[in-house]
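Q: Submitted below is the structure of interest, expressed as structure tokens.
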Amino acid sequence: MKFQLLALLLVVAGMTAHAQKRIDYPLFVSVSPDLIVPNSEFAETHTTGFGVSATIGYKLNRSLAPVITYSYYSVPGKNANIKDLKASLITAGGRLYLGNFYLLGNAGAIFTNGYDNATRFVFGAGGGDEIRLTGRSKLDITAAYESFNTGRNNGIFALRLGYTYFIGR
């Protein structure tokens with residue numbers, strides 16, 4: 001009887017401890033303007049461009065959140081002979097949180113036109129920091145490297161300054 005009572009107390013204590021760790025606002029949406037800096041062979045033909053990104057994610061716990069991101073980039077050519085790159089990206093990946101700082105990784109498809117008209121694989125990695133503004137919003141600062149291939153080795157650094165809003169219970 002004493003063993004059963006002790007087991008019941010441990011189960012209740014475990015449930016209570018778990019309940020205190022729940023994420024109050026697990027779903028989040030982030031929107032940001034992007035500064036796009038060409039890298040590698042892509043920097044030989046294009047200059048710094050701009051874009052916009054929208055991310056939706058769900059915090060599974062305090063350290064892991066799967067995300068889906070849509071981005072649109074416009075990267076001008078260095079001269080009139082080189083067409084501007086217009087690109088739409090749809091990627092899925094995750095964020096690994098270390099406090100407010102996070103590491104991110106994603107992969108998906110890039111749809112390009114102008115400089116190159118194609119659909120290709122894109123992958124990226126980076127990091128970011130969230131700075132609390134209110135109980136449900138944060139300033140999201142992200143730096144990421146994204147790589148794709150258009151017959152040349154193309155890569156960009158995307159610098160983002162976004163607004164994140166948390167939705168939930």
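Q: I'd like to verify a number: residues in the range 111-158 that are in contact with a Phe, Trp or Tyr (Cβ under 9 Å, 6 or more places away or on another chain), free of Cβ contacts under 8 Å to residues at least 60 places away in the same chain and among the acidic types (Asp, Glu), how many?
A: 3
Q: Which one is modelled with the highest pLDDT among residues in the range 50-73 that are more than 17 Å from Tyr165 (Cα to Cα) and in contact with a Phe, Trp or Tyr (Cβ under 6 Å, 6 or more places away or on another chain)?
A: Among those residues, the one meeting the criterion is Gly51.
Q: Just give me the residues in the range 121-131 being surrounded by fewer than 20 Cβ atoms within 10 Å (Cβ to Cβ) and over 12 Å from the mean Cα position of the chain (by Cα), in sequence order.
A: The answer is Phe121, Ile131.
Q: Hey, among Gly105, Gly94, Gly114, Gly135, which residue is at positive phi and open to solvent by 20 Å² or more (accessible area, probe 1.4 Å)?
A: From the options Gly105, Gly94, Gly114, Gly135, the qualifying one is Gly114.
Q: Condition first: outside any strand (DSSP E or B) and under 15 Å from the mean Cα position of the chain (by Cα). Now tell me which residues in the range 87-120 satisfy that.
A: As a first pass, look at the range 87-120 and keep what is outside any strand (DSSP E or B): 99-100, 115-117.
Listed by number, the list holds a single entry, Asn100.
Q: Considering only residues that are modelled with pLDDT of 95 or more and more than 27 Å from Tyr163 (Cβ to Cβ), which ones fall in the range 13-46?
A: none
Q: Looking at Ala109, Ala92, Ala118, can you tell me which residue is touching a strand residue (DSSP E or B) at 6+ places or on another chain (Cβ under 8 Å) and modelled with pLDDT under 90?
A: Ala118
Q: Please indicate, with yes or no, whether at least one residue in the range 42-59 is touching a helix residue (DSSP H, G or I) at 6+ places or on another chain (Cβ under 9 Å) and within 18 Å of Phe157 (Cβ to Cβ).
A: No, that holds for no residue.
Q: Can you give me the number of residues within the range 123-141 that are in contact with an Asp or Glu (Cβ under 8 Å, 6 or more places away or on another chain) and within 16 Å of Ala92 (Cα to Cα)?
A: Counting residues in the range 123-141 that are in contact with an Asp or Glu (Cβ under 8 Å, 6 or more places away or on another chain) and within 16 Å of Ala92 (Cα to Cα) gives 2.
The values are calculated or read from the model by the stated rules, or taken from the named source; none is laboratory data. Computed from a predicted structure; not experimentally measured. Positions of Cβ are backbone-derived with ideal geometry, glycine not excepted, and every protein chain shown enters the neighbour counts. We work out accessible area using only protein heavy atoms, side chains counted, and drop any ligands, DNA or RNA first. Shrake-Rupley method; radii C 1.70, N 1.55, O 1.52, S 1.80 Å.
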